[in-house]
Each structure stands twice: as structure tokens, then as C-alpha cells.
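Okay, so here's the structure we're looking at.
The values are calculated or read from the model by the stated rules, or taken from the named source; none is laboratory data. Source: prediction; values computed, not measured. Virtual Cβ from ideal backbone geometry, glycine too; neighbours counted across all protein chains shown. The protein model used for the area step is the full one, side chains on, heavy atoms only, and it has no ligands, DNA or RNA in it. Shrake-Rupley method; radii C 1.70, N 1.55, O 1.52, S 1.80 Å.
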Amino acid sequence: MEEIAVTGVVIYSMPYKEKDRLIHIFSLELGKVTAILKGIESPKSKLKYAGQPFCFAKFELAGSGEFYVVKGVELIDSFFDITQDYGTYALSLTALEVCSVVLKPNILAEGLFLTLIKTLQNIVYNNISPKLAILKFHLTVLEQIGYALNFESCDNCGMKFVGDIRYNSETGTFRCISCSKGEVVSRRDFMNLKILSSTNIDRLHTIRIVDESLDGCLKLVIDDINRRLNVQLRSANSIL
């Protein structure tokens, strides 16, 4: 039986059999792996934390290349503060949902892994607005998977943006008013998205965006992700 140690984050968890849990770990070394935590639903289990979303730990695994059993866990960070506010928790879960969809078993995704960890650290330790941090996460994911938003010119005619700007939800692109009958995007929201898109994730403390604009930007970007990935981010339904 193969044994391996990985550093990763629990991005999905569900009950399995009577006292076990099935988890998906987004690991630095192997990408997404599926594992079983045996007996953690028992009242005496000392590893309950390892079955919670956002658990960041070193996992000792045994099993095949597709299915593992967790033999040991060394906690790095639980990111516990995220769970103390419903809005923050639901927003942060959208990041885990995106990882679950984007990741393929045994395919490494170091860039996405580091983006996720930095996002969670920004929320818990760097006093960054959860809405701002998660919005930056989703913009970064779109860029990493080849769907970066274009803020320079109309996706259809190629003209530089002047005047009203529309977002075409069918194509996930910005277009000028002559080329689209899509939803008008306010100049404020458009510029906030453009600035945030070009700002390094370690420099989010330099940005100030009002909640009203953040809400509009999040709705637009999550809608884009849903269409691009053909999913419905369920965690976003209750907060947007």
C-alpha cells in the first residue's frame, strides 16, 4: 500500500458510512486527492478538525493513486475566524467550490494553491475585506484558466472603451454600447474591477472599494465563472 505525505487544504467534506468522512484535499504535491477520515464522527475522535472545510494541514495518506485513507494529520491552520461570520464563510466557500471544479485528480496546480492560501490569510490575518479578497481570488482564477477579463477594448469591434460599457453574460466579456445589448456596467464598477485585476494579491491593502461596488463586481464575476465553468456556485446564492 502506497504511503505519502501531502500539504493541503480540505475543499470538500461529506459524511461517509457510519462514523467516517469523505474529503477532497487540494494538495500542493498531488493536486486534488480523495481520502477517507475513519472514525472522526465518533465523540472521542481527536481529528474532527481535519474533516472541516478550510483545514490546512500536513496529511499522512495510505492507499492507491485515486483513493487514500488518512493515517495522520498535522494541523497548520484551521482558518477558524472564517467560520465565525456567515457572510464571510459563504463567500469563502465559493473559492473552495471553484477549486473543486477546476482541479483534476493528480494534476498539479501550484499557482491556484498559493492563490487560495494567500486569499484565506488575507481574510483572517491581514484585515482585508472578505468581499475584496474573494473577488480578487475569482479574477485570478479566471486569468489562470485562460479567461481573463479584457478591460482595454470591446471584445467584438476592438474599439477602446468610451462612454457606456456593457457586460455580455453570454460571452463573459465587456463590449461597447454599439456591439451589445447586455447589462450596463457602471464606470465605477468597471474601473474597480480593472484596478483590482492588475493589483498583486499581496497589495490588496492598498485598495479601497465601497461595499456597494464590491457587491456588483462579485455578482458579475461569479456569473462569469458559472457560465465559463458550466456550474452554479451554490454558496453564492444566499449572499448575492
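Solvent-accessible surface of the chain, taken per residue with a 1.4 Å probe and all protein chains present: 51 Å².
Could you let me know the centre-to-centre spacing of the stretch 36-114 and the stretch 159-196, using Cα atoms, in angstrom? Centre-to-centre (Cα) distance: 37 Å. Indicate the gyration tensor shape class of the stretch 94-150 (rounded, prolate or oblate), computed on the Cα atoms with a ≥ b ≥ c the square roots of the eigenvalues: a/c under 1.5 is rounded; otherwise a/b larger than b/c is prolate and the rest oblate. Oblate, because a/c is 1.5 or more while a/b does not exceed b/c. Annotation: amide H of Lys71 within the under-5 Å range of Glu60, Leu61, Ala62, sequence separation 5 or more or interchain, hydrogens built in the peptide plane.
Restriction of the GluC sites (Glu not before Pro) in the stretch 48-135 to DSSP coil positions whose beta-carbon has at most 11 other beta-carbons within 10 angstrom yields Glu66. The trypsin sites (Lys or Arg not before Pro) of the stretch 190-240 that meet both conditions, a loop assignment by DSSP and at most 13 other Cβ atoms within 10 Å of the site Cβ, are Arg208.
On full extension of the chain, what length is gained from Ser64 through Ile177, given 0.36 nm per residue of separation minus the C-alpha to C-alpha distance? If you can, show how the numbers build up before the last one.
Numbers: separation 113, 0.36 × 113 = 40.68 nm, distance 5.46 nm.
Extra length available between Ser64 and Ile177 comes to 35.2 nm.
Straight-line cross-link partners of Lys17 among the aspartates and glutamates, defined as a Cα under 12 Å from its Cα and at least 8 positions apart when in the same chain: Glu41.
Can you give the calculated 222 nm mean residue ellipticity of the chain, where each DSSP H run of n ≥ 4 adds -39,500 (n - 2.57) and the sum is split over every residue, rounded to the nearest 500 deg cm²/dmol? It would help to have the intermediate numbers written out before the result.
Details: 5 runs with 78 residues, N = 240.
Mean residue ellipticity, 222 nm, calculated: -10500 deg cm²/dmol.
Between Thr34 and Asn237, the modelled label-to-label distance comes to 2.4 nm, taking each label 7 Å out from Cα in the direction of the beta carbon.
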